[in-house]
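Chemist: Here you go, one structure.
The values are calculated or read from the model by the stated rules, or taken from the named source; none is laboratory data. As the structure is a computational prediction, the values presented were derived from the model and not from experiment. Cβ: placed from backbone, ideal geometry, glycine included. Neighbour counts: every protein chain shown. Note: areas computed on protein heavy atoms with side chains; ligands, DNA, RNA excluded. Shrake-Rupley method; radii C 1.70, N 1.55, O 1.52, S 1.80 Å.
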Amino acid sequence: MKLIEQPFVRRILNGRAIWPLLALAVILIADGFISPGFYEIRIVEGRLFGNLIDILYRAVPTALIALGMAVVIGTRGIDLSVGSIAAIAGAMIAWRIQAGDPHGVVLLYALGAGILCGMWNGMLVAFLGIQPIIATLILMVSGRGIGMLINLIYGGTDPSFQSDFLQWLSTGSILFIPTRLYVFAVIFLLLWLVIRRTALGLFVEATGGNAAASNLAGVNAKLIIFAAYLICGLTAGWAGVILTADTHTSDPVSVALYIELDAILAVVIGGGSLAGGRIYLGMTVIGALVIQALTTSILISGLPPEYNLIIKALVVLFVLVLQSDNARRGIVSKFRRSP
Amino acid sequence: MAIMKANTAGATRIAMRGIRKAYPGVLALDDVDFELHGGEIHALLGENGAGKSTLIKVLTGALQRDRGEIMLDGEPVNFAKTGDAQDAGISTVYQEVNLIPAMTVTQNLTLEKTHGRFGFISWRKARAQAQQKLDRLGLKVELNRTVGSHSVAIQQMIAIARALDDDTKVLVLDEPTASLDADETAALFDVMRSLKAKGIAIVFITHFLEQVYEVSDRITVLRNGCKIGTSLIGDINRQDLIAMMIGRDLGEVEEAFAGERRDGSGEVVLTAEGVGRKRVLAPFDLTLRAGEVVGLSGLLGSGRTELVKLIFGALKHDSGTLKLANGTAGNNPRASLDAGIVLCPEDRKSEGLVGELSVRENIILSMQAKRGWLRKVSRAEQEKIADEMIRALAIATPDGEKLVRQLSGGNQQKVVLARALASSPRIMLLDEPTRGIDVGAHAEILTLIRTLCEDGLALLVASSEIDEVVASSDRVAVLRDRRKIGELTGEDITRDKIVTMIAGDNL
């Protein structure tokens, strides 16, 4: 059997990675035309400011959730409850600070709540065999209510709080760079190590690709699925911490609203398939950046905000069409050398 | 006998000649002829993967043939889609009932063609039409009840009623009795006989041999994509029929193996005592020894796959004990793997491989599962193992990075074997290791089984091909009707003895 060398252009066009990156580049270049000072970065109060920094900064919560979502989608699942988990984590923060816990411990409470929520989802999907979309819908619907109940524990009149530590995690900076970017980088690195440096990634992909076959091959598919939802709960908990510390108030009704949709989109733009079987952590982050870059550029373009969602939908559609095998084959054939 | 002659003497309705159909890597039909007369019930027999479904799909236009011709009443036909075949008078009722359970009988029976005006349905007319369809079969069913509230047997009849029109010439029934009990089956047979009396030609696909003898006029047997033969039912006895279905002439490799049998003096590595599961397989005893191949023979549905899965723990046994040389076996795949047992499942696509993963990833999957998720097999090691396996089993792939789903059937089967071997097992359970693969790969896999056995592995090989079992086994366990009915050793392992056991005494 002979290996066929593909021409460079075709190899690039056939690759998955090129399209989200291209989309991101196009959006950023277009921004340069829309707003002349777009790429400007200055230092204000010991921290970098500018549109590019702003895109990274604002993309963090979605990107965090998208990472967990990528793992869950890798198992052929989906987690609709991530926004609610973030709300619960936020409510935990306000409650435990009111209760007077050290703020480091408060952080652990919030993340622990996220993990518990993930375990709940994982139990429903993996061990009770409930379809993921329904199983996570339960917590999606009830989670914000649970958040409000937590607020009621201490009277519920004023869910705002002061915490230098948590606010530093979210809005502070180290060496001119926002702290939350470091937080994200560390989480990304740890997750990448767990997925790619252990066999967990392979097991997740095998389970998502064919659960029955993986099971007969000796992979404990149920445990793998459970672990995926746990990881997703944890990253959603972190997103809840970042978002809640930003506003230093617990607002279960509206915090991280619809973030599950952006996270799913980020995974899909990054090349993940809802049919499961593959995890692309790096590309998922690019997907989240595409979404945030788009939102930011619509805002600075001065277009009425009503256009925001429609343009977002159009760009997402465009990227997905480019990613579809059928459409790509059509485009690639244009680059084929004539015989 | 006179009546039967009259029936089978009907004019040729359908003549399929030289039909060939290939899927990527698998030749599903190889030059198959099939003839169907008006007013006959023609049983189409064969094991899984023999080509029955493909032949029917080619006939009904669900699949396009690669070669060959189909004549309907002497005219060549080409059905581009199933609707065309339906219009020409060929109706099919598939194994899974294609009705909408939540809708009423009337709605189900008139789905394709509603009556009414201005887009409104006239339920009066619809009911009349539905009633007419039921009358054709002499069925008494409440029209306004939902289909789902009727028994499976009635649903099956309703499905047949829906398939039939005034101008139906051919009716294909794909495993119609699979979920029916004896009384329901008898009622279905009455309907089939009355349709036959009206001159309709019926293709009856089943794997229940007694039903074949009860209701059909002629039989055609397919095996591995080839037509083995057609016969009047009165002209063939049960043993010959079984031999047609699962017999196969020996290849050179098998001939060479058939002569030598080991005496089974190896160490006992697995003992099953009264292991069974309700409604799946009656309790059985079985021992496996190192350096011995135990064959598992029986017809489709006799419990071959189930026995293998019970030992592996993919199906949990609810009676008996399963002992290994070093303790009790776990009752799940993961524990079995740890204990050195591996399973190569029958259905490669749905249970064997992860198609979207590469050859390399599939090969190391079991080995990695055995090690646990924390101790990852390094990339370099993965590549080394995959390359070794690709070479050792002669897997036709440029490298380990090709996706498994892009390989041919035989090579996929080799990947399944490679995955099992990479986990360094002591007991290998192979379910139909040679199904649907070409002759070359077939011989290679049999040779491999032999070599593994000589290396001291204990093997249990379930196969629908009797001659293969005869050729490669040191001991043969025979199954019938979800029960292990006996074992054969040494000189007793012959095709005739196995066929006699499978056919049973009730002939």
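Chemist: Residue farthest toward the positive end of the dipole of the stretch B:252-503, with Cβ of Lys/Arg at +1 and Asp/Glu at -1: which of B:269, B:365, B:500?
Modeler: Result: B:365, furthest along the dipole toward the positive end.
Chemist: Could you please state, rounded to a whole Å, how far the C-alpha centre of the stretch A:215-269 is from the C-alpha centre of the stretch A:186-201?
Modeler: 16
Chemist: Okay, moving on. With viscosity set to 0.692 mPa s and temperature to 37 °C, compute the Stokes-Einstein D of the stretch B:252-503, Rh being the Kirkwood radius across alpha carbon pairs; µm²/s, no decimals.
Modeler: Value of D from the Cα-based Kirkwood radius: 179 µm²/s.
Chemist: Please work out whether the stretch A:37-97 counts as rounded, prolate or oblate from its C-alpha gyration tensor, where a ≥ b ≥ c are the square roots of the eigenvalues and a/c under 1.5 means rounded, while otherwise a/b larger than b/c means prolate and anything else oblate?
Modeler: It is oblate, given that a/c is not under 1.5 and a/b is not larger than b/c.
Chemist: Hey, another quick one. Using alpha carbon centroids, what distance separates the stretch B:267-305 and the stretch B:168-196, in Å?
Modeler: Taking the Cα centre of the stretch B:168-196 as reference, the centre of the stretch B:267-305 is 34 Å away.
Chemist: In a shell of Cβ-Cβ distance under 10 Å around residue B:34, excluding residue B:34 itself, what net charge do Lys and Arg (+1) and Asp and Glu (-1) give?
Modeler: 0
Chemist: Assuming a viscosity of 0.692 mPa s and a temperature of 37 °C, what translational diffusion coefficient in µm² per second does Stokes-Einstein assign to chain A, Rh being the Kirkwood radius over Cα pairs?
Modeler: The Stokes-Einstein estimate is 156 µm²/s.
Chemist: How much mean residue ellipticity at 222 nm does chain B get from its helices, if each DSSP H run of length 4 or more adds -39500 (n - 2.57) and you divide by all residues, to the nearest 500 deg cm²/dmol?
Modeler: Taking each H run of at least 4 residues, the total per residue is -10500 deg cm²/dmol.
Chemist: Further question: Amide H neighbours of residue B:287 under 5 Å, counting only residues 5+ apart in sequence or on other chains, H built in-plane at 1.01 Å?
Modeler: Placed amide hydrogens put B:272 under 5 Å from residue B:287.
Chemist: If you average the sequence gap of Cα pairs under 8 Å that are 6 or more apart and divide by the length of the stretch A:59-290, what percent do you get for the contact order?
Modeler: Values: 473 pairs, mean separation 98.7, N = 232.
It rounds to 43 percent for the stretch A:59-290.
Chemist: Cβ under 15 Å from residue B:318's Cβ, residue B:318 left aside: what net charge do those residues give with Lys, Arg +1 and Asp, Glu -1?
Modeler: Result for the neighbourhood of residue B:318: +4.
Chemist: Using a 1.4 Å probe on the protein chains only, how many percent of the accessible area of the protein assembly as shown belongs to carbon and sulfur?
Modeler: 58
Chemist: Identify all aspartates and glutamates with a Cα-Cα distance to residue B:384 below 15 Å; exclude those on the same chain that are fewer than 8 residues away in sequence.
Modeler: B:361, B:399, B:401
Chemist: Any of B:52/B:198; B:21/B:133; B:57/B:349; B:52/B:196 with alpha carbons more than 30 Å apart? Name them for me.
Modeler: B:21/B:133
Chemist: What net charge is computed for the residues neighbouring residue A:142, neighbours being all others with C-beta under 15 Å from the C-beta of residue A:142, Lys and Arg scored +1, Asp and Glu -1?
Modeler: Net charge in that neighbourhood comes out at -1.
Chemist: What distance in nm lies between label points placed 7 Å from Cα along the C-beta direction at residue A:43 and residue A:17?
Modeler: It works out to 3.3 nm between the two label points.
Chemist: Here's a follow-up. Starting from the Cα gyration tensor of the stretch A:217-303, take the square roots of the eigenvalues, sort them a ≥ b ≥ c, and report rounded, prolate or oblate (rounded when a/c is under 1.5, otherwise prolate if a/b is larger than b/c, else oblate).
Modeler: It is oblate, given that a/c is not under 1.5 and a/b is not larger than b/c.
Chemist: Considering the Cα trace of the stretch A:67-148, what is its radius of gyration and what is Dmax, both in angstroms?
Modeler: 13.5, 42
Chemist: Let me ask something else. Where Rh is the Kirkwood radius over the Cα pairs of the stretch A:149-306, the temperature 37 °C and the viscosity 0.692 mPa s, what D in µm²/s does Stokes-Einstein return?
Modeler: For the chosen part, D equals 180 µm²/s.
Chemist: Could you give the C-alpha radius of gyration of the protein assembly as shown expressed as a fraction of 2.2 N^0.38 Å, taking N as the number of residues it contains?
Modeler: Taking the Cα Rg and dividing by 2.2 N^0.38 Å, one obtains 1.13.
Chemist: Got a sec? What order do B:317, B:42 fall in by accessible area at 1.4 Å, biggest, i.e. largest, first?
Modeler: Correct descending sequence by accessible area is B:317, B:42.
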